[in-house]
1. Where residues in segment A:155-182 are open to solvent by 10 Å² or more (accessible area, probe 1.4 Å) and in contact with a strand residue (DSSP E or B) (Cβ under 6 Å, 6 or more places away or on another chain), which of them is nearest to the other protein chains (Cβ to nearest Cβ)?
2. Can you tell me which of A:Thr185, A:Thr123 is open to solvent by 20 Å² or more (accessible area, probe 1.4 Å) and away from chain B (no Cβ under 11 Å)?
3. What number of residues within segment A:162-177 satisfy the criterion of being in contact with a Phe, Trp or Tyr (Cβ under 7 Å, 6 or more places away or on another chain) and either touching a residue at least 60 places away in the same chain (Cβ under 8 Å) or of a type in the set (Lys, Arg) (or both)?
4. So which residues in segment A:188-202 are open to solvent by less than 50 Å² (accessible area, probe 1.4 Å) and within 16 Å of A:Ala9 (Cα to Cα)?
5. Run A:Gln113 past the list (1) surrounded by 18 or more Cβ atoms within 10 Å (Cβ to Cβ); (2) within 13 Å of chain B (Cβ to nearest Cβ) and report the number of the one that doesn't hold.
6. Here are some conditions: (1) of a type outside the set (Lys, Arg); (2) closer than 30 Å to B:Glu63 by Cβ; (3) surrounded by 22 or more Cβ atoms within 10 Å (Cβ to Cβ). A:Leu152 meets all but one. Which one does it not meet?
7. Can you pull out the residues in segment A:76-104 that are of a type outside the set (D, E, K, R) and either within 11 Å of chain B (Cβ to nearest Cβ) or within 16 Å of the chain's Cα centre (by Cα) (or both)?
8. Would you mind listing the helices (runs of 4 or more DSSP H) fully within segment A:34-104 where at least 1 residues are buried (at least 22 other Cβ atoms within 10 Å of the Cβ) and touching a strand residue (DSSP E or B) at 6+ places or on another chain (Cβ under 7 Å)?
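The values are calculated or read from the model by the stated rules, or taken from the named source; none is laboratory data. Bear in mind the structure is a predicted one, so any value in this text is a computation, not a measurement. For neighbour counting, all protein chains shown are included, and Cβ atoms are generated from backbone atoms with ideal geometry for every residue, glycine included. Only protein heavy atoms, including side chains, enter the accessible area calculation; ligands, DNA and RNA are left aside. Shrake-Rupley method; radii C 1.70, N 1.55, O 1.52, S 1.80 Å.
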Amino acid sequence: MIVVLAIDALEHTLVEEFNCKNLMQEFYGKTDISEFSEPRTMVLWSSFMNGKNMEEEVMALGDEGMWHTKFDIKNTFFDQFENPKIIDLPGFNYIREQHDKERILLKQFFDAQSEDEKKSIRTEYNNHAFEHHRRIKQEFSDALNEDHDFLLGYFSVADVIGHLNFGNRAMMKMIYKDMDEIAETIKNNHIVLSDHGMEKIGMFGDHSNYGFWSSSVKDLGNPKITDFAEIIKDKQ
Amino acid sequence: MSVEYGEIKIPKDLIAKIEERVKETEFESVDEYATFVLEEVVKDDDEDIEEVFSEEDEEKVKERLRALGYLD
């Protein structure tokens, strides 16, 4: 089984600072996403699975329509596998109600006028993200013991929580350590990949203009996110 | 090697506050949360600074989240 641990907004700097050895594996580095006008989640994961830059196509759907992007498996490199399992990937089988609610709560947070209201919305937002994280973690753990030739688990927690809490270092460290423990449970050769990283704006988090990769097999240098379709197919 | 545990005394109202906080986190118990926090304090006593809210930061991040498609 080939495994991809896909972590939204996993920040290279924090992986090193928090010494997440299982996320780093033997070889790790940054991905080059400089060909994209902005580090947009939906554009980057769509480009990853298609093996080519999908920015124009995804952006043509508009700011709201973009979030409903859904590529057929035949257009993706997942089709090369006989029994692939993909969990919650943007642009493929992303759980729409979950992620729509995240954006609704994010908007409510910024629209709120009082600090008490913001605090209450942030608590609801965080709980919503952590509950989802626990479900995905269980599904991924179960899938590792199933009969798949390809498994991709997408974890959104570092991105979702990071947008409103990136300045809370203890909370981010807890998330990174949890992701590191998840990586430790993968016994197969695997790739850890993020779409982009995250940088601090006070207590908040913004997308950084590079992603993260790691591999136990070889040094991939400074790959583009669109290179991974071929890299993974070659591992078959 | 198995970890040996001991007991410490902390005020009950603090335990109640931690119980509330634990509900918002990945931690499964007050013991687990308190252990994590104390380990962090002992290990990195000068690094875990929590940033405070500022309207200027909020405006900056709102602008960025609009550019990324998260906000209208």
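1. Out of the qualifying residues, it is A:Asn168.
2. Working: A:Thr123 fails: away from chain B (no Cβ under 11 Å).
One residue alone meets the criteria, A:Thr185.
3. Going through segment A:162-177 one residue at a time, the tally reaches 4.
4. A:Ile191, A:Val192, A:Leu193, A:Ser194, A:Asp195, A:His196, A:Gly197, A:Met198, A:Ile201
5. (1)
6. (2)
7. Residues of segment A:76-104 that are of a type outside the set (D, E, K, R), as a first pass: A:76-78, A:80-81, A:83-84, A:86-87, A:89-95, A:98-99, A:104.
Correct list: A:Ile86, A:Ile87, A:Leu89, A:Pro90, A:Gly91, A:Phe92, A:Asn93, A:Tyr94, A:Ile95, A:Gln98, A:His99, A:Ile104.
8. On the way: elements: A:41-50, A:55-59, A:62-65.
Hits in segment A:34-104: A:41-50.
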